[in-house]
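Below is one structure, written out as structure tokens; the observations come after it.
The values are calculated or read from the model by the stated rules, or taken from the named source; none is laboratory data. Every value quoted in this text rests on a predicted model; they were computed, and no experiment measured them. No Cβ is skipped: glycine too gets one built from the backbone with ideal geometry, and neighbour counts run over all protein chains shown. Areas reflect the complete protein model, heavy atoms only, side chains present, ligands, DNA and RNA absent. Shrake-Rupley method; radii C 1.70, N 1.55, O 1.52, S 1.80 Å.
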Amino acid sequence: MIPERTMTDNRKARLRIFFSIIVASVIGSSVIGSSAQAAPSHCLSLYDPCKYPANFSHFDYVNPDAPKGGSVKLADSGTFDSLNPFILKGVKAPAVSMIFDALMVSSLDEPQSMYGLIAESADLSADKSHIDFVLRKEARFHDGTPITADDVVFSFETLITKGDPTYRIMLAPVKSAQKIDARHVRFTLDREVRESALIAASLPVFSKAYYSKVDFEKTTLEPPLGSGAYKVQSVDPGRAIIYERVKNYWAKNLPFARGQYNFDTIRYDLYRDENVALEAFKSGQYDFRREYVARNWAKAYDHPAVKDGRITKRDVPDMSPQGMQGFVYNTRKPTLSDRRVREAIGLAMDYEWLNKTIFYGAYKRNRSFFGNTDFESKGKPSKEELALLSPYKSNLSPTVFEHEYAPPVTDGSGNPRENLLKAQALLNEAGWKVEGGKRMKNGQPLTIEFMLRQPTMERVIGPMRKNLERLGITSSIRMVDDSQYQKRIDEKDFDIVSLWINRGLFYPGNEQVALWHSSQADVKGGNNLAGAKNPAVDAALAALIGAKNKGELVAAGRALDRILLWENYVIPNWQSASFRIAYWNKFGMPPTPPKYGLAFESWWIRSDDR
């Protein structure tokens with residue numbers, strides 16, 4: 001299924017540098033928590049040495065001799081009205097963040113290591129109070145002007161004062177940015193926040209001179225000045241955008257870029273309906289598709305182009321962290337503020353029936369916010385976890401201390417009678433009694449609304465609504481367009497939405513504060529969509545970002561996972577163990593994809609298909 005997101009895909013993309021690259025650092029062989037003197041390094045990583053040495057030539061998952069040329073057509077959902085990926089206003093064009101380079105960039109075949117991009121080296125002080133970056137002499141914006149320390153300082157200060165609120169939150173552990181000279185920048189860090197250095201390293205950089213003439217805070221369809229491998233070629237507002245490869249890209253000969261960014265142009269067409277988008281793919285309107293809908297994967301590709309080999313259909317193993325896809329509750333709503341009510345509503349989902357009947361057995365149920373990582377809570381809490389959890393016993397369900405979390409299970413018959421009886425007992429205990437066939441409390445009925453941007457989830461919610469009706473709960477579905485969706489999300493005007501969070505995070509860190517901390521619950525445009533205001537969550541977050549070693553980090557992450565699961569902030573959905581992809585047979589690609597992604601940017605168009 002295609003999950004509805006807390007943000008549009010494009011807004012999520014502009015924050016990816018923080019949400020998927022938050023790590024702590026090893027400089028040479030010096031772990032960030034050690035007292036050893038650090039030295040300038042080409043890379044930063046967590047706990048283990050970087051895979052690639054300073055003199056590496058290219059990533060192992062690319063073909064360094066991949067040919068350049070040709071055009072690729074892709075698809076995205078919804079619409080867009082802005083090319084500014086850094087502000088809250090507007091619906092952002094797909095992939096527009098890629099026109100901006102950052103100080104450092106990640107690798108896809110090791111657990112979150114970063115290598116110098118704009119920065120040729122990083123030097124973390126022995127006391128972890130600051131990190132220095134030396135910028136590459138050759139680093140350039142698309143207009144040929146050099147990227148300087150002034151641009152880096154300007155980018156940092158602009159994001160924390162004028163950028164999307166999430167940047168402000170994520171950059172909080174970076175106290176200041178200071179120009180030392182034209183190519184040397186120093187960031188002062190909060191030493192108590194483990195990943196401060198990496199947050200600084202993940203900073204996107206944009207031109208101070210350009211934004212002295214352009215209002216940073218306004219939405220725009222004027223292509224902004226960037227520095228990345230691609231720039232905007234043309235825009236059909238709300239319908240399509242074309243990016244062109246920068247032929248004289250300043251970083252094209254650096255190791256991280258070799259064998260990548262091979263397409264001359266990348267076109268995104270926008271579709272408001274996923275079924276229309278699928279048919280457009282099969283008719284050749286675009287070239288590559290990642291399929292999220294299990295029914296489509298099982299049934300919709302019985303097409304002549306698949307049978308005769310013009311379209312290739314593949315399952316590619318996905319070893320990356322899975323995170324949590326689920327229906328998130330807005331606990332600010334009085335009816336959803338009681339965990340017992342939230343648990344009762346979750347019991348109305350018959351996942352086993354859905355997986356058998358609708359998903360063709362393609363999925364497994366989500367059981368953690370940190371699936372496929374060391375931070376997934378299992379068994380009973382360890383003594384280290386109990387040390388974090390026990391002071392908050394009065395705020396937590398006893399089950400947090402007694403059991404491993406597991407989502408409710410049914411016999412798959414479509415009649416989850418036992419679960420509904422349990423739900424009925426929870427509702428009665430919470431004071432919601434049946435009156436005239438409706439759940440009532442203080443003269444008010446229990447009603448909930450699912451807010452969606454795409455109709456693909458309706459067939460999941462439909463059977464669930466029938467079970468809710470059996471419990472006396474009135475439910476509805478509200479379909480909204482992208483702009484309405486974003487407005488209501490920003491203003492927290494919803495009951496339940498579907499989202500996917502923590503996807504791609506090997507090591508949870510400061511980004512979790514934005515998602516769950518009490519201080520973020522009422523921030524307009526913030527990402528604590530659940531409205532969580534829980535002292536136990538806040539304490540686990542404090543332990544997480546203040547962890548001094550991996551053991552402390554694992555204990556804090558697992559404790560946080562347990563609390564979030566047992567507090568029923570979401571109804572867990574499902575996950576796939578593979579990337580389901582289909583593409584017109586015009587591509588060349590390296591023989592082995594990276595362990596933690598597809599690396600589509602390393603593919604190329606075969607010469608006979610250009």
Worksheet item: Add -39500 (n - 2.57) for each DSSP H run of 4 or more in the chain, then divide by its residues: what number comes out at 222 nm, to the nearest 500 deg cm²/dmol?
Response: -6500 deg cm²/dmol
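Let me know the shape class of the range 292-397, please: from the alpha-carbon gyration tensor, a ≥ b ≥ c as square roots of the eigenvalues, rounded when a/c is under 1.5, otherwise prolate if a/b is greater than b/c, or oblate.
Values: a/c = 3.44, a/b = 1.91, b/c = 1.80.
Here the range 292-397 falls in the prolate category.
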Practice prompt. Mind listing the long-range amide H neighbours of GLY371? Cut-off is under 5 Å, sequence gap 5 or more, other chains count too, H placed in the peptide plane at 1.01 Å from N.
Written response: GLN322, GLY323
Worksheet item: Can you list the HN-Hα couplings for the range 182-196, worked out from phi with the Karplus curve (6.51, -1.76, 1.60; θ = phi - 60°), rounded to whole Hz and with x for Gly and Pro?
Response: 4, 10, 10, 10, 10, 9, 7, 10, 7, 5, 7, 9, 3, 9, 3
Response to the item:
For LYS175, the residues 5 or more places away or on another chain with a placed amide H closer than 5 Å to its own amide H are THR188, LEU189, ASP190
Worksheet entry | Separation of the SER129 and LYS307 label points, Cα + 7 Å toward Cβ, nm | 7.3
Worksheet item: Which cross-chain or sequence-distant (5 or more) residues have an amide H under 5 Å from the amide H of ILE311, H modelled 1.01 Å from N in plane?
Response: VAL306, ASN585
Discussion item. Below 8 Å, C-alpha to C-alpha, sequence gap of six or more: please give me the relative contact order for the chain in percent.
Written reply: 22
Item to complete: Quote the accessible area belonging to HIS303 in square angstrom, nearest 10, computed with a 1.4 Å probe and with ligands, DNA and RNA left uncounted.
Response: 50
Item to complete: Provide the per-residue ³J(HN,Hα) series for the range 568-583, in order, calculated from phi with Karplus coefficients 6.51, -1.76, 1.60 and θ = phi - 60°, each as a whole number of Hz, with x at glycine and proline positions.
Response: 6, 6, 9, 9, x, 9, 8, 8, 10, 8, 8, 7, 9, 10, 9, 7
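Hey, what D do you get for the range 461-610 in µm²/s if you plug the Kirkwood alpha-carbon radius into Stokes-Einstein at 25 °C and 0.890 mPa s?
Values: Rh = 19.2 Å.
D = 128 µm²/s.
Holding the Cα-Cα limit at 30 Å, pick out from LYS137/LYS247; LYS175/LYS213; LYS313/LYS364; LYS231/LYS586; LYS89/LYS313 the pairs that are longer than that. Walk me through the numbers on the way to the answer.
Numbers: LYS137/LYS247 19 Å; LYS175/LYS213 27 Å; LYS313/LYS364 21 Å; LYS231/LYS586 24 Å; LYS89/LYS313 38 Å.
Where the Cα-Cα span goes over 30 Å, the pairs concerned are LYS89/LYS313.
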Worksheet item: Could you sort TYR210, TYR301 by accessible area so the largest value comes first, with the probe set to 1.4 Å?
Response: TYR210, TYR301
Worksheet item: Expressed as a whole percentage, what fraction of the accessible surface of the range 331-404 belongs to carbon and sulfur atoms when a 1.4 Å probe is rolled over the protein heavy atoms?
Response: 50
Fill in: Label of the coordinate-derived value, Rg and Dmax of the Cα atoms in Å, listed as (i) 47.3, 158; (ii) 44.7, 151; (iii) 24.3, 75
(iii)
Discussion item. With the cut-off at 1.5 for a/c, could you classify the range 413-463 from its C-alpha gyration tensor as rounded, prolate or oblate?
Written reply: oblate
Response to the item:
Between the alpha carbon centres of the range 225-242 and the range 258-323 the gap in Å comes to 22
Discussion item. Can you compute 3J(HN,Hα) from phi for each residue in the range 370-382, using the Karplus curve 6.51 cos²θ - 1.76 cosθ + 1.60 with θ = phi - 60°, rounded to whole Hz and x for Gly and Pro?
Written reply: 10, x, 6, 9, 5, 9, 6, 6, 9, x, 7, x, 6
